[in-house]
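This structure is in structure tokens; I'll ask about it shortly.
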Amino acid sequence: KGIASDEEDEDDVYKPSGGLLRLFQSELFNSWMAMAYLLKHDEVGIQYYLCSRMRDLPTHELLFLLPQLCHLAVTRDNASTPVESLLMELCRRSVHASVNLLWLLESYIVDYAGDSVTPNARAVQRSVRLLREVQRASFGT
């Protein structure tokens, strides 16, 4: 689909089509499937749809996937927006998630900034920006 025509509902642009949509709406859909497809598909529409569906999952399931979600947010350019939004909502839901995410982001900053062989400036910048957003969303600082 890509770009919405005048007749299309704006939300339809971010919905996967056909069999993939039926799979995501079936009883088989769970956090493991969502994470697998987030890792596999870089398409923005699929990323937005999966993150939207993941918002309905219990907090404890999202906490279990926090390291993977953090990794996606830090290392992937096009996947970061929907994943970051999901992470911010999780942090507003749970102080435990906020503290864990802060810890993960700090470790990314130290690891990537200190790597003299393959420095990843974009990942460090993304980590610092996300760290500030998590602090602001969680603690109002």
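Taking A79 as the residue in question, decide whether it is at pLDDT 90 or above and of a type in the set (A, V, I, L, M).
no
Might you let me know whether region 57-73 holds any residue that is surrounded by fewer than 16 Cβ atoms within 10 Å (Cβ to Cβ) and farther than 15 Å from N100 by Cα?
Checked region 57-73: at least one residue is surrounded by fewer than 16 Cβ atoms within 10 Å (Cβ to Cβ) and farther than 15 Å from N100 by Cα.
Among the helices (runs of 4 or more DSSP H) confined wholly to region 43-99, which include 1 or more residues that are free of Cβ contacts under 8 Å to residues at least 12 places away in the same chain and in contact with a Ser or Thr (Cβ under 7 Å, 6 or more places away or on another chain)?
It comes to none.
The values are calculated or read from the model by the stated rules, or taken from the named source; none is laboratory data. Since we're looking at a predicted model, the values are computed, not measured. Please note: Cβ atoms are built from the backbone with ideal geometry, for glycine as well, and neighbour counts cover all protein chains shown.
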